[in-house]
Every structure is written in structure tokens, then in C-alpha cells.
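Engineer: The structure that follows is given in the form of C-alpha cells.
What follows is calculated from the coordinates using simple rules that are stated; it is not laboratory data. Every value quoted in this text rests on a predicted model; they were computed, and no experiment measured them. Note that we place each Cβ from the backbone using ideal geometry, even for glycine, and neighbour counts take in every protein chain shown.
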Amino acid sequence: AHNNLGRVRYNQGKLEEAISAYQRALQIDPNNATAHYNLGNALYDQGKVKEAIAELEIAVRLEPSNTLFRDNLEIYRNKKKGFWGRLFGE
């Protein structure tokens, strides 16, 4: 329920409320991969790239076959590196 509330708040653009709801969902079930993923997306939208990547890494570890989780994690990692980091493999 908290994860769903987070999605509603996220879609409304209420990132702080969404993050709180995802964090509450994870207090109840720390192995909820979708809540980790959603939290990561909300953190990313706040410009907290390092924290977002950490959440997506947890989501991928919990559901390694989920291509959406893995693809977004890779996108976030590449954006964190920036153009020159991707170009030179940093």
C-alpha cells in the first residue's frame, strides 16, 4: 500500500511525499525490489544520483532478471559518469 501511495505522489510531482511512502514500504519489507526501484527514481529526479544508483543496485540484486531495473541502473550510471567519462571509460 505504501509503495502504491508513493507512485501516486510521484505521479503528482510530490517527490518528498513519494520518497517517504517508499521508505515506509521498505521499513515494512526491505526486500521489496519495486519499492527500491521507485525510491531510486524519485531520488534521481531530486538530483540525488548516487543515492538513486544505490537503490537501483539493491533492486537489481533482489530481482536480477528484471530488465527494466537493470536498464535504468545502467542509464543512471552512465549519466553519473557524464559524456567524457563514458567516452574514456571512466
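Engineer: Residues with beta-carbon under 14 Å from that of Glu55, excluding Glu55: net charge, scoring Lys, Arg +1 and Asp, Glu -1?
Structural biologist: Details: positive: Lys48, Lys50, Arg61, Arg70, Arg77, Lys80; negative: Asp45, Glu51, Glu57, Glu63.
Counting the neighbours of Glu55, the net charge comes to +2.
Engineer: Please compute the contact order of the range 2-88 in relative form: average sequence separation of alpha-carbon pairs under 8 Å and at least six residues apart, divided by the residue count, as a percent. Before the final figure, lay out the partial values.
Structural biologist: On the way: 94 pairs, mean separation 17.4, N = 87.
Rounded, it is 20 percent for the range 2-88.
Engineer: Oh, and also: With +1 on each Lys and Arg Cβ and -1 on each Asp and Glu Cβ, how big is the dipole of the range 2-88 about its Cα centre, in debye rounded to the nearest 20?
Structural biologist: Numbers: 13 positive and 10 negative charges, 61 e Å.
With only Lys, Arg, Asp and Glu charged at Cβ, the dipole is about 300 debye.
Engineer: What is the gain in length, in nm to one decimal, between Lys79 and Ala54 on full extension, counting 0.36 nm per residue of separation less the C-alpha to C-alpha distance? Show your work: numbers first, answer last.
Structural biologist: Numbers: separation 25, 0.36 × 25 = 9.00 nm, distance 1.42 nm.
Residue separation times 0.36 nm, minus the Cα-Cα distance, leaves 7.6 nm.
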